[in-house]
Amino acid sequence: PLSPAAVVGAGLGGSAAAYFLQQHFGPQVQLDVYEAAGVGGRLATVTVNKQQYESRGASIHALSLHMQDFVKILGLKHRREVAGKSAIFSGEHFVLEETDWYLLNLFRLWWHYGISFLRLQMWVEEVMEKFMRIYKYQAHGYAFSSLEELLRSLGGEAFVNMTQRSVAESLLEVGVTQRFVDDVIAAVLRSSYGQSVLVPAFAGAMSLAGAQGSTWAVEGGNKLVCSGLLKLTKANVISARVTGISLHSSEGRALYQVHYESTEGHGSAFYDMVVVTTPLHPSRSNFTFENFDPPIADFPGAFQPSVTSVVHGYLNSSYFGFPDPKLFPFTSILTTDTPDLFFHAMDNICPVNISAAFRRKQPQEAAVWRVLSQQPLDKPQLKTLFRSYYSVQVTEWQTYPRYDAAKALPPIVLHESLFYLSGVEWVASSMEMIAVAAKNVALLAYNRWHQDLEKIDQKDLMHKVKTEL
């Protein structure tokens, strides 16, 4: 039996990995989860006027089946949707505006962009339909030892290629026009990844699926999923920063020594199995691996800096061409890739607890806006977006991989029972992607531990799964 196992990181990846490991190995497995900062990782909240607001990782796609399951199991609720309209701003004017009337929106898109909109939808739907196969495979206990194998089993070589070429190239190929790519696709990718249409096609498809599907969030904040899963698994959360892992062996099995530092000083502990869910890129962590032969190599790639500013203030609607703030109709503004634009997107956000009486602030009232940008906003930039403001809370992150720098995908298996989860973000970065990767790592760990090779990297799974039903 597996005795102690360690999970490094208590964000969504770490909490989901702990939950799935316990699901497969049984309740007797001892789980230590190491977290230096705070449970929830990037799913953090900020407080404005005694109310909490999501500072990042805000919306979850309707087809996110693992996230839906977590919410059910934990007895959490979906946050009430507060309707609002969005528009795409070019720095001078709005290139696209949403209206209350769905048919008119479609007509406008059609009028501006012709058949591009339809081609985009068909392309995204085809990708999503194939991606959804992962739930069937996982329900049958199948796992993949590399990201390439996982992608291949869902969509063949075409899916692997989608991590190596840009979303712009893929869309132009299926007949979407350059103008649609520049106006609409660029704006969606800037608001989700803070990057251009050069992000890989697969990451792009995932982000575009979120933009056109219905999305939801967790009442009380998405980070409640993390704390909830850790409580449910009764994991032992250790408040410490892991500095490295060294390999020992005992009775022919690998034994991993996890080294950490906490407020009490340095410590270490031994485990049969370790799952690392924090990014192992030199720019993000100084993590050492000792006694591994062959040595565990450095991970290529860099992370995109991004800044979230949560501003409580009065929108300067005249900057957007609305001298009378009462007439400003949008709650979310996306932007095109224009050199002078200093922000990627901004939205009028609602608190994580929405009461039945809650109503959105009128555009002329002070509201809480979340502004996404690459650099912190300076005073003149804040004054451009807001007539005046009460408070600004800035969070700087390195949230997403710099996708244009992606070469090969990172490995999942670092050693016999040492696994790496965060590499999945180089395929696409979303809450559900991380949950899927956590389930895959737990199944992979379980199948390898029990040497059930029939359940790893199987070819022709669609056929196998059909005949198993």
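The values are calculated or read from the model by the stated rules, or taken from the named source; none is laboratory data. Given the structure is predicted, the values throughout are model-derived calculations rather than measurements. Neighbour counts are summed over all protein chains in view; Cβ atoms, including those assigned to glycine, are modelled from backbone coordinates with ideal geometry. Just the protein is used for accessible areas: all its heavy atoms, side chains included, with ligands, DNA and RNA removed. Shrake-Rupley method; radii C 1.70, N 1.55, O 1.52, S 1.80 Å.
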Open item on the list: How much length would be gained if the chain were fully extended between Gln51 and His450, taking 0.36 nm per residue of separation minus their Cα-Cα distance, in nm to one decimal?
Closed with: 138.8 nm
TODO: Rank Thr467, Val274, Val218 by how far each Cα sits towards the positive end of the charge dipole of the chain (+1 on Lys, Arg Cβ; -1 on Asp, Glu Cβ) and give me just the farthest.
DONE: Val218
- [ ] Calculate the dipole size of the chain relative to its Cα centre from +1 charges on Lys and Arg beta carbons and -1 charges on Asp and Glu beta carbons; express the result in debye to the nearest 20.
- [x] 1260
Task: Above-threshold pairs, the threshold being 22 Å between Cα atoms, out of Lys130/Lys223; Lys77/Lys361; Lys326/Lys361 - done: Lys130/Lys223; Lys77/Lys361
- [ ] Would you mind putting 7-18, 125-136, 249-260, 101-112 in packing order, based on average other-beta-carbon counts within 10 Å, highest first?
- [x] 7-18, 125-136, 249-260, 101-112
TODO: Would you pull out the residues with amide H under 5 Å of Leu43's amide H, same chain only if 5 or more places away, H placed 1.01 Å from N?
DONE: Leu12
Task: Table column - 3J(HN,Hα) (Hz), the range 37-50, Karplus curve with 6.51, -1.76, 1.60, x for Gly and Pro - done: 9, x, 4, x, x, 6, 7, 10, 10, 10, 10, 10, 6, 6
Task: Between helix 201-212 and the chain: long-axis angle, C-alpha atoms, 0 to 90°, nearest 10 - done: 50
- [ ] Treating the angle as unsigned and between 0 and 90°, give the value, to the nearest 10°, between the Cα long axis of helix 102-113 and the longest Cα principal axis of the chain.
- [x] 90
Open item on the list: Among 84-96, 307-319, how do they line up by average Cβ neighbours within 10 Å per residue, starting with the highest?
Closed with: 307-319, 84-96
Task: Distant-in-sequence amide H partners of Thr243 (H built 1.01 Å from N, under 5 Å) - done: His259, Tyr260, Glu261
- [ ] Take the Cβ-Cβ distance between Lys361 and Arg80 as r, set R0 to 25 Å, and report the resulting FRET efficiency rounded to the nearest 0.05.
- [x] 0.95
Task: Relative contact order of the chain, defined on C-alpha pairs under 8 angstrom at six or more residues apart (%) - done: 26
TODO: Can you check what the net charge comes to around Thr399, using other residues whose Cβ is under 14 Å from the Cβ of Thr399 (Lys, Arg +1; Asp, Glu -1)?
DONE: +3
Open item on the list: What distance in nm separates the two pseudo spin-label positions at Glu219 and Glu290, each 7 Å out from Cα along the beta-carbon direction?
Closed with: 5.0
Open item on the list: What does the charge count around Pro363 come to, taking other residues whose C-beta lies under 12 Å from its C-beta (Lys +1, Arg +1, Asp -1, Glu -1)?
Closed with: +3
Open item on the list: Within the chain, what whole-number % of the accessible surface is contributed by carbon and sulfur, with the 1.4 Å probe and all protein chains included in the calculation?
Closed with: 53
- [ ] Specify the angular offset, from 0 to 90 degrees and rounded to the nearest 10, of the alpha carbon long axis of helix 147-161 from the longest principal axis of the alpha carbons in the chain.
- [x] 50
Task: At R0 = 30 Å, FRET efficiency that the Cβ-Cβ distance of Ala302 and Gln178 yields, to 0.05 - done: 0.60
Task: Evaluated at q = 0.07 Å⁻¹: base-10 log I(q)/I(0), Debye formula over Cα of the chain - done: -0.37
TODO: Sort the range 189-347 into rounded, prolate or oblate with this rule: let a ≥ b ≥ c be the square roots of the eigenvalues of the Cα gyration tensor; rounded if a/c is under 1.5, and if a/c is not under 1.5, prolate when a/b is larger than b/c, oblate otherwise.
DONE: prolate
Task: At R0 = 22 Å, FRET efficiency that the Cβ-Cβ distance of Phe107 and Gln212 yields, to 0.05 - done: 0.85
- [ ] Averaging sequence separations of C-alpha pairs under 8 Å and six or more residues apart, then dividing by the length of the range 184-279, give the relative contact order as a whole percent.
- [x] 14
Open item on the list: Quick one: 3J(HN,Hα) in Hz for the range 430-436, Karplus 6.51/-1.76/1.60 with θ = phi - 60°, rounded, Gly and Pro as x.
Closed with: 7, 4, 5, 4, 5, 5, 4
Open item on the list: Quick check: Cα centre of the range 314-369 to Cα centre of the range 225-291, how many Å?
Closed with: 42
- [ ] Place the peptides 292-301, 195-204, 26-35, 59-68 in order of packing, highest mean first, counting for every residue the other Cβ atoms within 10 Å and averaging per peptide.
- [x] 195-204, 59-68, 26-35, 292-301
Task: Approximate spin-label separation Lys72-Glu396, in nm, with each point projected 7 Å along Cα-to-Cβ - done: 4.3
- [ ] Kindly identify the range 32-161 as rounded, prolate or oblate by the Cα gyration tensor criterion: order the square roots of the eigenvalues as a ≥ b ≥ c, call it rounded if a/c is under 1.5, otherwise compare a/b with b/c, prolate if a/b is larger, else oblate.
- [x] oblate
TODO: On a C-alpha basis, how far is the centre of the range 50-71 from the centre of the range 377-397 in Å? Whole number, if you could?
DONE: 26
